[in-house]
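To start, the structure under review is shown below, and the notes come after it.
The values are calculated or read from the model by the stated rules, or taken from the named source; none is laboratory data. Only a predicted model underlies this, so the values are computations on that prediction, with no experimental measurement involved. Using ideal geometry, Cβ is built from the backbone for each residue, glycine included, and neighbour counts are taken over all protein chains shown.
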Amino acid sequence: MPILDSNHNSEPDVAYMAGHISTWCLVLGGVLAVLGGLALASPWAASTVIDVFCGVTLIAAGISQLAMTAGTLTWRGFWLTLLCGTLSIMAGTGMLVLPKAGIDAMVVFLGLVLLFESAAKLAAAFSIRKDFPWGWLLFDGMVTGLLGGILLTTKPAEAGILLGIFVGINLISSGATFAGAGWWMRRAENLASSGR
């Protein structure tokens, strides 16, 4: 591998990195698309998996907060950390014991997250138009925003199935964006190497 000095950029290093990143973008895009397809094939199972994962994560976070408070009795934030840890364990346990209620709560939360994610993607699409396949990012942002809006206005009876379906669609949309970015970088790398 060439050594960089202060006066010259190493073009082979840049080409190597572009090739490496484009490969990972393509792999990640494929993985996300497969996961999205699985979520669409069984939306209620996808919702349940998400609920269990969030419940276990909340319980683990709560236990770690309580463990931290065990040695910090004189710390000023002791009671707040103790309260947060306890609430986290209670919320996680509730999600595991009452998965339907946990899924309903996640629908609202995910709807809000998708709207914020959409705003970030749309802002990014318009700010990096020259350096990225911004059309894919714009499309992904619009799909994500639409999904978030629908989740926030859905009826509770449909929430679980919609959660799984929309997570699947979002994963496929994000997978297409990563795959598009990977192909774009590959093409740019090939054009740069053929122009030398």
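Tabulated values for the structure
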{"quantity": "Subset tally (residues that are under 25 Å from Asp104 (Cα atoms) and modelled with pLDDT of 80 or more) for segment 134-157", "calculated": "16"}
{"quantity": "Set Asp131, Asp104: member being among the acidic types (Asp, Glu), buried (at least 16 other Cβ atoms within 10 Å of the Cβ) and at pLDDT below 85", "calculated": "Asp104"}
{"quantity": "Output for segment 154-167, where each listed residue is surrounded by 21 or more Cβ atoms within 10 Å (Cβ to Cβ) and not hydrophobic (A, V, I, L, M, F, W, C)", "calculated": "Gly160, Gly164"}
{"quantity": "Checking Trp183 against (1) more than 16 Å from the chain's Cα centre (by Cα); (2) within 27 Å of Thr48 (Cβ to Cβ); (3) at pLDDT 80 or above; (4) of a type in the set (A, V, I, L, M, F, W, C), the condition it does not meet", "calculated": "(2)"}
